[in-house]
C-alpha cells in the first residue's frame with residue numbers, strides 16, 4: 001500500500017472482476033465473494049460486505065442477482081428440454097478491497113452458516129419446493145432461496161413470515177367443484 005505524507009495508509013483501489021457467491025449473516029448483512037481482476041486464484045478472492053463495494057448504482061450487485069435469476073430459469077427450461085438463454089457475465093467495476101474481512105467463512109462453510117433473513121419474507125426471493133408431514137403440527141415446508149440455499153420450516157413459521165406466498169402455494173392444490 002502506498003504511504004501518504006501523513007504516514008497513513010491509503011485504501012488501494014482494486015478492480016472487481018466478478019461476484020462469485022453471496023450470503024447473509026446473522027445480523028442481516030449481505031456479503032459477496034469478490035473475484036479481483038488480476039487475481040485468478042480462488043484463494044485470493046475475498047468476502048466483502050455490500051457496503052465495501054462502492055459501485056455506481058450497485059450495478060455489479062444487480063447484474064449478479066440478474067445472472068442468478070437467468071441461471072434458475074435456464075435450469076427450469078432444460079428440465080423441459082427447451083433451449084436456454086445465455087447468461088450474461090458481470091462487467092468490470094471498481095471496489096475496495098478490505099483485508100479485515102478475509103476471516104469471513106468461504107465456500108462450503110459460508111453456505112452452512114447461512115440463515116434466512118429476519119422479519120417478513122413476503123418480498124424475499126425464494127421458491128417453495130414442497131412439503132411433507134401428517135398434520136399441521138408436523139407439516140414441514142422446503143424452500144430454495146435465491147442463491148441456492150435450501151431450508152425447511154414448520155408451516156406455521158411460513159404462515160407468519162410470508163402468508164401471501166404460502167396461500168399462493170396452497171392454492172395450487174385446492175380444487176373447487
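Worth pointing out:
- Single unsatisfied condition, residue 118 versus (1) at pLDDT below 85; (2) surrounded by fewer than 13 Cβ atoms within 10 Å (Cβ to Cβ); (3) closer than 21 Å to residue 28 by Cα: (1)
- Restricting attention to the stretch 137-167, the residues being more than 22 Å from residue 115 (Cα to Cα), surrounded by 10 or more Cβ atoms within 10 Å (Cβ to Cβ) and touching a strand residue (DSSP E or B) at 6+ places or on another chain (Cβ under 9 Å) number 0.
- Members of the stretch 123-145 that are within 30 Å of residue 20 (Cβ to Cβ) and touching a helix residue (DSSP H, G or I) at 6+ places or on another chain (Cβ under 6 Å): 128, 141
Condition check ((1) surrounded by 11 or more Cβ atoms within 10 Å (Cβ to Cβ); (2) modelled with pLDDT of 80 or more; (3) out of contact with any helix residue (DSSP H, G or I) (no Cβ under 6 Å at 6 or more places or on another chain); (4) more than 25 Å from residue 150 (Cα to Cα)) across all residues:
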| site | (1), (2), (3), (4) |
| --- | --- |
| 14 | yes, no, yes, yes |
| 23 | yes, yes, no, no |
| 43 | no, yes, yes, yes |
| 49 | yes, yes, yes, no |
| 54 | yes, no, yes, yes |
| 80 | no, no, yes, no |
| 104 | yes, no, yes, no |
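- Matching residues, the stretch 39-54, being in contact with a strand residue (DSSP E or B) (Cβ under 6 Å, 6 or more places away or on another chain), outside any loop (DSSP other than H, G, I, E, B) and free of Cβ contacts under 8 Å to residues at least 60 places away in the same chain: 46, 48, 49, 50, 52
- Members of the stretch 14-32 found to be more than 13 Å from residue 116 (Cα to Cα) and out of contact with any strand residue (DSSP E or B) (no Cβ under 9 Å at 6 or more places or on another chain), listed by number: none
The values are calculated or read from the model by the stated rules, or taken from the named source; none is laboratory data. This structure is a prediction, so every number in the text was calculated from the model and none was measured. Heads up, the Cβs are rebuilt from the backbone with ideal geometry, glycines too, and the neighbour counts pull from every protein chain shown.
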